[in-house]
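Single-structure report; data block below.
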Amino acid sequence: MPLIIEDGTCPEGATSYVSLEEADAYLIPRGLWPVTGVAVDAEAGTEKPDAGMLAAKEAALIRAFDYLNGPLEWLGRKVDWQRQAAWPREGVPVPGSDPHRPEYIASDVVPAAVKQAQMELAALIYNGNALLSPVERGGKVKSVSDSSTDSVDVLSESKSHSVTYADDAPLESWLPSVYPRLKPFLADVPGEVKGGFQVLNILRG
């Protein structure tokens, strides 16, 4: 199903801030996801893009769009509170503008950083990171233990893996390719605390 691009004009049923072509142009040179393969129609003797890979890439972009529109706390407010898309927004200061007399991002603009963040998220999702699944304390580990037992008579082996998280371990994973881009537009950055960053899981594509 073709993506419906939110370009600041608030189209009905928007599913992405970027097109698949934009995502390919950004992610493929960085080695974050593959060139779309081709499928051969033996009867017609023609080639066409691999439908399965196209669907997987589009699904990753849609899921990344969902992430940006879900758990993050953005500055400002949606131009229409009933819309799913977090952008475009009103009342978001232009990064670097005078805090006493701020300029504001136009209410028909989706910042380039938001689009880049979606593509980085899509690459993580495409490569198997389930960002919207439940997380275990953000990876702030207190201790890890592994054990295994072998039983020769029944030719069996059992293994166990135990992780103990710190009491103050956060829920979020720190995404270094995403959150620094979005920080100027967020009221709260996942995983960030006063005086620095928590020790968190780092997810890479």
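The values are calculated or read from the model by the stated rules, or taken from the named source; none is laboratory data. What you are looking at is a predicted structure, and each value in this text was computed from that prediction instead of being measured. Ideal geometry is used to build each Cβ from the backbone, glycine not excepted, and the neighbour counts take in all protein chains shown. Remember, those area values only see protein heavy atoms, side chains included, never the ligands or the DNA or RNA. Shrake-Rupley method; radii C 1.70, N 1.55, O 1.52, S 1.80 Å.
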Open item on the list: When the residues of the range 73-86 are narrowed to those that are within 21 Å of the chain's Cα centre (by Cα) and aliphatic (A, V, I, L, M), which ends up most open to solvent (accessible area, probe 1.4 Å)?
Closed with: LEU75
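Among the listed residues GLY31, GLY8, GLY70, which satisfies the condition of being within 26 Å of TYR179 (Cβ to Cβ), open to solvent by less than 40 Å² (accessible area, probe 1.4 Å) and either modelled with pLDDT of 95 or more or not polar (S, T, N, Q) (or both)?
On the way: GLY31 fails: open to solvent by less than 40 Å² (accessible area, probe 1.4 Å); GLY70 fails: open to solvent by less than 40 Å² (accessible area, probe 1.4 Å).
When all the criteria are applied, what remains is GLY8.
Go over the candidates GLY52, GLY96 one by one and state the one that is closer than 20 Å to ASN127 by Cβ and at pLDDT below 95.
Values: GLY96 fails: closer than 20 Å to ASN127 by Cβ.
When all the criteria are applied, what remains is GLY52.
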- [ ] Under 7 Å between Cβ atoms, at least 6 apart or on separate chains: pull out the pairs that start in the range 70-85 with a residue that is acidic (Asp, Glu) and end on any residue that is part of a loop (DSSP other than H, G, I, E, B).
- [x] ASP80/CYS10
- [ ] Among the candidates LEU61, LEU3, LEU20, single out the residue that is surrounded by 13 or more Cβ atoms within 10 Å (Cβ to Cβ), in contact with a Lys or Arg (Cβ under 8 Å, 6 or more places away or on another chain) and among the hydrophobic types (A, V, I, L, M, F, W, C).
- [x] LEU20
- [ ] Could you please let me know if ALA14 is surrounded by 13 or more Cβ atoms within 10 Å (Cβ to Cβ) and hydrophobic (A, V, I, L, M, F, W, C)?
- [x] yes
- [ ] Scan ALA39, ALA51 and give me the residue that is open to solvent by 60 Å² or more (accessible area, probe 1.4 Å) and in contact with a strand residue (DSSP E or B) (Cβ under 9 Å, 6 or more places away or on another chain).
- [x] ALA51
TODO: Scan the range 50-64 and give yes if some residue there is in contact (Cβ under 8 Å) with a residue 24 or more places away in the chain and either over 14 Å from the mean Cα position of the chain (by Cα) or over 27 Å from PRO111 (Cβ atoms) (or both), otherwise no.
DONE: yes
TODO: Give the residues of the range 87-109 that are crowded, with 21+ Cβ neighbours inside 10 Å and in a loop (DSSP other than H, G, I, E, B), sorted by residue number.
DONE: TRP87, PRO88, VAL92, ILE105
